[in-house]
Number of protein chains: 2
Amino acid sequence: MKITIRPANKADFPEVLNLIKELAVFEKEPDAVEITVNDLEKEGLGENSLFQCLVAENENEILGMALFYFRFSTWKGRSLHLEDLIVREKHRGKGIGEALYKKVMEFAVEHNVKRVAWEVLDWNINAINFYKRTGATILDEWRIVHFRENELNDYLKQ
Amino acid sequence: MKITIRPANKADFPEVLNLIKELAVFEKEPDAVEITVNDLEKEGLGENSLFQCLVAENENEILGMALFYFRFSTWKGRSLHLEDLIVREKHRGKGIGEALYKKVMEFAVEHNVKRVAWEVLDWNINAINFYKRTGATILDEWRIVHFRENELNDYLKQ
């Protein structure tokens, strides 16, 4: 199977959104995805876009994607955040995930970032073992905090 | 004590860096801060800057700061990441931290973000209790992964 990895364009966004939804099911949050294709177009195109996206393609079929953006670490400086890396379920185990992963890390090195960061569920042992094997570190002591839109509004009304 | 909260400018960056170093000591990583004032200037000024920064000031003295930037959540859309919120140690307990926190949340709501995210050490119980009291949620199941520059290079050489 010949896999091509290339930047996503507007026409790919419906398939990209399908992949995002597929991952949310795997992560046991099937209803968590609130974005639409319109949000991907609004935030992912043009000069001030909030993210970049690569897709893995075989014979005009999108089999996987990686979505990422720059961040700023006050310890290390410019860094890259890998928001999602997804391979369609029936095409897993064929090396597509690692090919995308490698492309993201190459992009990171080309852009002189000091580190790449992402998030993983603590029960996703296969993913954690893969990340460790490549040389990444799981931060055991740090927790993520989320303050959601409606809770934010409630807080500011106090 | 009259506290003014305003956007940081270039002249504030040395004091902002001192605050970043003070927080790293508190977080038991005194040698983790590798950035310089030059990195803050390079990445924090101009149209394509990677972050925004607010400072809390009293009589021309910087007593605290908050540094943040936009991210893109593939579940929720445009979000804000609060990278650091720091109050100089001897000025804690005077409400400066919460004043900065509130300003960041107001900025978030004004910019229609779907959520604000940040990271906390699991032993920083005072911070965790404050966040929960305001309405934020600690994500127990998620872990942060870091792939550092030298490890990245080793991986890509394989």
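Values in this text are rule-based calculations from the coordinates and carry no lab data. Please read all numbers here as calculations on a predicted model, not as lab measurements. Here the Cβ positions follow ideal geometry from the backbone for every residue, glycine too, while neighbour counts run over all protein chains shown.
Of these, A:Ala56, A:Ala66, which one is within 21 Å of A:Val116 (Cα to Cα), in contact with a helix residue (DSSP H, G or I) (Cβ under 9 Å, 6 or more places away or on another chain) and within 12 Å of another protein chain (Cβ to nearest Cβ)?
Selected residue: A:Ala66, the only one of A:Ala56, A:Ala66 that is within 21 Å of A:Val116 (Cα to Cα), in contact with a helix residue (DSSP H, G or I) (Cβ under 9 Å, 6 or more places away or on another chain) and within 12 Å of another protein chain (Cβ to nearest Cβ).
What are the residues in segment B:141-150 that are within 7 Å of chain A (Cβ to nearest Cβ) and either charged (D, E, K, R) or closer than 14 Å to A:Lys76 by Cβ (or both), if any?
B:Glu141, B:Arg143, B:Ile144, B:His146, B:Phe147, B:Arg148, B:Glu149
Quick grid of which residues meet (1) of a type outside the set (A, V, I, L, M); (2) buried (at least 21 other Cβ atoms within 10 Å of the Cβ); (3) touching a helix residue (DSSP H, G or I) at 6+ places or on another chain (Cβ under 8 Å); (4) more than 11 Å from chain A (Cβ to nearest Cβ):
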| position | (1), (2), (3), (4) |
| --- | --- |
| B:Ile5 | no, no, yes, yes |
| B:Glu15 | yes, no, no, yes |
| B:Ala24 | no, no, no, no |
| B:Glu29 | yes, no, no, no |
| B:Val37 | no, no, yes, yes |
| B:Leu40 | no, yes, yes, no |
| B:Lys94 | yes, no, no, yes |
| B:Asn112 | yes, no, no, no |
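Select from segment B:120-141 the residues that are buried (at least 17 other Cβ atoms within 10 Å of the Cβ) and assigned to a strand (DSSP E or B) and list them in ascending order.
B:Val120
Please tell me if A:Leu23 is within 16 Å of the chain's Cα centre (by Cα) and within 19 Å of B:His81 (Cβ to Cβ).
No.
Does segment A:81-91 contain any residue that is more than 9 Å from every other protein chain (Cβ to nearest Cβ), more than 11 Å from the chain's Cα centre (by Cα), surrounded by fewer than 19 Cβ atoms within 10 Å (Cβ to Cβ) and without any contact (Cβ under 8 Å) to a residue 40 or more places away in the chain?
Yes, some residue in segment A:81-91 is more than 9 Å from every other protein chain (Cβ to nearest Cβ), more than 11 Å from the chain's Cα centre (by Cα), surrounded by fewer than 19 Cβ atoms within 10 Å (Cβ to Cβ) and without any contact (Cβ under 8 Å) to a residue 40 or more places away in the chain.
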